[in-house]
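Take a look at the structure below.
Read the figures in this text as sums done on the coordinates, not as results from a lab. This structure is a prediction, so every number in the text was calculated from the model and none was measured. Note that we place each Cβ from the backbone using ideal geometry, even for glycine, and neighbour counts take in every protein chain shown.
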């Protein structure tokens, strides 16, 4: 019944077009849904080097292949993993009402084979990361994950995406963070350069809850990531950092929504990315403050680095404030590497190419410091690898 409602919602909304403001920058002419096949069963989970390294550092590993959860690992005291066949609701939110206008979210609701639910019991502190490895081997996949944090609990969760040659990957993840609970969440997308990745995450934060989220996207022909945080209880705090490094003809499209529904809440967004070759990036963010959400502090910053004349970045920060006792700020920048910084390095004997690479790595350093040490090293090696493929970082 729920899936039929989701499919009806998809048919009602229809596929987006570039006439829709939120899809204006997407290469929709490259997308043909009829060319994709939804699998009836998962393929064999690949054992990739990167996924193996992540798993070796985890307290719990959940494996998802083509949208199907194939292994829930070995849950321990205070942590439970459950598969549910229905769409399910989280934080009392009706799925269709919440996502009705989002084509790909309701398509996930209609076609996801099951929902992987990870629950952390009240008061439990999980000292090693919970890792969810999402592998895509087929045409189209619709993974769905819910994380439910009990009151006063704490955990780190890594959602990792890999594979996806010529695939459409449409993940939907939701996080219910109970009163005084804390969740550090890292989403790392390393799909094939030919894949389409259209993701959405939503966090629902209770009183004095905290969510620290990092979203990293390096893969995909089109990489779209929408990340919402709803501060439902007073004292809730959300910190979101997003980053990407585009090359070739990639399009990286990041959307954020910092929604303050309660008083004395706080959100901080920092989005930093670089585009090289003919790649393009889009950032659109909204800070929304409801009437009654007094003494809210919300900040939004977006910085984009252009590494070639043909690269392009759009930045569109927005504010919607319906309360007068608040602090809000937003800032954005788009530009090339700083000539004075490069001149300084060259004057100290550093070659031009090495100077550029050092400056780019320094640009990403602020993002890496928010990650666990082991994961930061893996991400840094990815940045170095992408840079090594560029014939010339700056023309």
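Rounded, prolate or oblate: pick one for segment 63-171, where a ≥ b ≥ c are the square roots of the eigenvalues of its C-alpha gyration tensor, a/c under 1.5 means rounded, and failing that, prolate if a/b is larger than b/c, else oblate.
Numbers: a/c = 2.27, a/b = 1.32, b/c = 1.72.
Note, shape of segment 63-171 comes out oblate.
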> Measuring from the lowest to the highest alpha carbon on each principal axis, how far does segment 161-232 reach, largest first, in angstroms?
Replying inline: 42, 15, 12
>> Please compute the length gained on full extension between residue 20 and residue 388, using 0.36 nm multiplied by the number of residues separating them and subtracting their Cα-Cα distance.
In response: 128.8 nm
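How big, on average over all directions, is the shadow cast by the Cα convex hull of the chain, in nm²?
For the chain, averaging the hull's shadow over all directions gives 19.2 nm².
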>> How large is log10 of I(q)/I(0) for segment 242-375 at q = 0.09, 0.16, 0.17 Å⁻¹ when the intensity is taken from the Debye formula with one equal scatterer per alpha-carbon?
In response: -0.35, -0.87, -0.93
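Would you mind classifying segment 222-311 by shape? Square roots of the alpha carbon gyration tensor eigenvalues, ordered a ≥ b ≥ c; an a/c under 1.5 is rounded, otherwise it is prolate if a/b is larger than b/c and oblate if not. Numbers along the way, then the final one.
On the way: a/c = 3.68, a/b = 3.02, b/c = 1.22.
Prolate, because a/c is 1.5 or more and a/b exceeds b/c.
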>> Quick check: convex hull of the Cα atoms in segment 88-144, volume per residue, rounded to a whole Å³?
In response: 106 Å³
> In nm, to one decimal, how far is the modelled label at residue 4 from the one at residue 94, with both set 7 Å along Cα→Cβ?
Replying inline: 1.7 nm
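Given the peptides 244-250, 15-21, 376-382, arrange them by the average over their residues of other C-beta atoms within 10 Å, most packed first. Write down the numbers at each step before the final one.
Working: 244-250: 22.1, 15-21: 11.9, 376-382: 16.3.
The packing order, highest mean first, is 244-250, 376-382, 15-21.
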>> Which three extents, in angstrom, do the Cα atoms of segment 172-321 have along their principal axes, listed largest first?
In response: 45, 26, 17
> Could the peptides 347-353, 268-274, 189-195, 78-84 be put in order, highest first, of the mean number of other beta-carbon atoms found within 10 Å of their residues?
Replying inline: 268-274, 189-195, 78-84, 347-353
>> Test of understanding: ordering 367, 231 by Cβ neighbours within 10 Å, fewest first, what list do you get?
In response: 367, 231
>> Using only the Cα atoms of segment 250-293, what semi-axes does the equivalent ellipsoid have when each is the square root of 5 times a gyration tensor eigenvalue? Give whole Å, largest first.
In response: 31, 9, 5
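Using only alpha-carbon positions, what ratio does the radius of gyration of segment 1-131 give when scaled by 2.2 N^0.38 Å? Please report the intermediate quantities before stating the final value.
Numbers: Rg = 17.9 Å, N = 131, 2.2 N^0.38 = 14.0 Å.
Cα-based Rg divided by the globular estimate yields 1.27.
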> Which residues in segment 98-132 have a backbone N closer than 11 Å to a point placed 7 Å from the Cα of residue 36 along the Cα-to-Cβ line?
Replying inline: 104-105, 107-108, 111-112
>> Using all alpha carbons of segment 87-230, what is the percent of pairwise distances in each 5 Å bin, ordered from the shortest bin to the longest?
In response: 2, 10, 20, 22, 20, 14, 8, 3, 0
